[in-house]
Amino acid sequence: MSPRSRGRRDDRRRPSDRRRARRRSTGTTSGESAATEPSSQSSADQVEEFVTQVLAASGQLLTLDSPLQVEGFVASVIGSWWQHPTPTFGPVLVERAQRAATPEAVALLHGLAAIAEPGLAALARTALDALGDPTSDLPPWARLVGRAALQESFTLEEEFGDATQVIMTFSYDAARSEPDDSGAKEPAHALVVLVDHNLGGIAKDLWATDHAPGLLEQVRSTVAGDEGLALTEADPSALRVALQDALDATEQTIDAPLGESFRDLRALLVARIRSLPEGATAIEPTELPDAEREEIVADFASSPEATDLPVEAARTIAAELVGYGCDQDRGQPLRVSPGKLEVFLFAWLPRTGLLDQRYVGDVTAVLPAWVRYAGRRTGLSEEAVTETLAAVETLVPRFAPAYEDRDNWGPARIAVDSLLADMDPDEDNADEVFERRMFALDGVPAPGFDVTDAKAVQRLVEQENKDGKYDYVSPSEERLHVVLLQQLWFEDPSQVWETAVRLLDAGYERTEIFRALMSALSERPQDSEAGLRDADGYLEALAALPETWAARQPAASEASEASDAPDAPDQS
């Protein structure tokens, strides 16, 4: 493994603290959009403007006949503030609607009580109770909104396994105590959720239709004519878990590429998920042990598909493909598709920098061989393999420039790269240099860190010791820490790192080792310009560790070390 890949294998998506200002658009059956998204004014002004707009638009609710349209309207209101950093929109909206007490405000409260998240829904119900729940002036939908019951549920999947479409049909019939004035029944409706497995299993898109029978007929007809599609009945309780996981993944993804109607319909989906039965447990991806991962890599390297490939390149690139499939693709190291490989080449690898630079050019030859190998192992159809190979042919020429483009690098790759910025990444001792500098800093420095800048190093040392980690008693001890850190970074003298490794092998903790090394350094006279003036004495002091340092510890510490600390190595 390239040293530049160390420390980056957990560089996954992080919870977003950035909010997109997206232009909202209405789904085909979600009702009319209720309001624009909150603007970039002050928080109080945003809330006031937003609440005023929503209450003004809520008159539409009195003109709607369908409970689904009402739920779509209210969901779009909730979607307006989804992921917005100001959390008070909902409560203020309920308070203002209660105070207004107009038919349209009461209608809005009914909608919020039906589909909003539990806390906000409870506030809306309390407001309705305070108003005496005047439903006599509301359309028939007031008795049905939020009471749809699941009828059928399916999953639709294609051969590549890039995505799963979840199809759920619902009906209000069970909640209807009497027919409406027209005597017509509300038609069954459907929600369709697209879960994208290439993007970490996020719920990526969402749409609704009020013609569920027609949708199912169309889907069944399409599946019947395409061997690569499979429609399967799904257990509702299992769907509850799977869809919640997908929504959680969406929440944790920075700038997820969501469908146009996702924001408007998200609250409706969340409400429908809450109505599904409980009881299922999450199915965790199969955790493939390292030995089995290595078996796949070795099998590929010795396969007919890899006959003409450089062995080390084949093994290295295959190891990254296997690791990516196991850790990022639901434990599927052998799944291949144009979409998965595009994400692997242009998102995952450039962001993490996991591929050793020496083998970047070999991707052109190795990846097609891997597709043929994985296709054979998984039974992928000849048409699917051909399609994937055609996609790879267009992808691989663009990989090397994308891999080196720093705009594609993740924060961890940028930071780790700073540890080795002064050396050739292909040098044989790069692993050792990385390990030594990580020990010196106790972590990855911020991008642009300059170890020759004494003030920058001083700030880093102060940050590490802010909780009294080293129990320094004077500024001079922190200055010794700075000198020692720079010695370790440049391995000058080399005996400093050799001593640290010896103490690590003996079982000492990093903090103890720094204290011991500093004790040796403190005994030697320093010159601000020339550095250490008694180099030989310093090397002798290093060689005498840890006994000389341990002997100078207070009696209480000695007693503690006698029972807890590892035995010092035999120096005889």
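The values are calculated or read from the model by the stated rules, or taken from the named source; none is laboratory data. All figures in this text were calculated on a predicted structure; none of them were measured in a lab. Note that we place each Cβ from the backbone using ideal geometry, even for glycine, and neighbour counts take in every protein chain shown. Only protein heavy atoms, including side chains, enter the accessible area calculation; ligands, DNA and RNA are left aside. Shrake-Rupley method; radii C 1.70, N 1.55, O 1.52, S 1.80 Å.
May I ask you to give the percent of accessible area on the stretch 53-170 that is carbon plus sulfur, with a probe radius of 1.4 Å?
52 percent
Projected area of the stretch 318-402, taken from the Cα convex hull and averaged over every viewing direction, in nm²?
4.9 nm²
Quick one: with all protein chains in place, what share of the accessible area of the stretch 254-406 is carbon or sulfur, to the nearest percent (1.4 Å probe)?
Carbon and sulfur atoms account for 51 percent of the accessible area of the stretch 254-406.
How large is the dipole of the stretch 437-487 about the Cα centre if only Lys and Arg carry +1 and Asp and Glu carry -1, each at its Cβ, rounded to the nearest 20 debye? Could you put the intermediate results ahead of the total?
On the way: 6 positive and 9 negative charges, 22 e Å.
The calculation lands at about 100 debye.
Name the lysines eligible as straight-distance cross-link partners of LYS204: C-alpha to C-alpha under 19 Å, and not fewer than 8 places from it in the same chain.
Cross-link targets: LYS340.
More than 20 angstrom separation, counting every C-alpha pair in the stretch 62-152; what % is that?
Pairs farther apart than 20 Å: 31 percent.
Please give the net charge around PHE170, taking every other residue with its beta carbon less than 12 angstrom from that of PHE170, where Lys and Arg add +1 and Asp and Glu add -1.
The answer is -3.
Using a Cα-Cα cut-off of under 23 Å, which lysines could be cross-linked to LYS469, ignoring same-chain neighbours fewer than 8 residues away?
Within the straight-line cut-off, LYS469 pairs with LYS455.
Which net charge results for the neighbourhood of GLN218, defined as the other residues with beta-carbon distances under 15 angstrom from its beta-carbon, given Lys and Arg at +1 and Asp and Glu at -1?
Taking every other residue near GLN218 into account, the sum is -3.
How about LYS185: which aspartates and glutamates have a C-alpha closer than 15 Å to its C-alpha, ignoring those fewer than 8 places off in the same chain?
ASP65, ASP173, ASP210
Can you give the charge dipole size of the stretch 408-499 about its Cα centre, rounded to the nearest 20 debye, using +1 on the beta carbon of Lys and Arg and -1 on the beta carbon of Asp and Glu?
540 debye
Rolling a 1.4 Å sphere over the protein heavy atoms, what is the accessible area per residue of the stretch 190-316, to the nearest Å²?
50 Å²
For the stretch 119-171, what is the accessible area per residue in Å² when the probe is 1.4 Å? It would help to have the intermediate numbers written out before the result.
Numbers: 2270 Å² over 53 residues.
Ligands and nucleic acids excluded, the result is 43 Å² per residue.
Of the peptides 196-208, 378-390, how do they stack up when ordered by the mean number of other Cβ atoms within 10 Å, highest first?
196-208, 378-390
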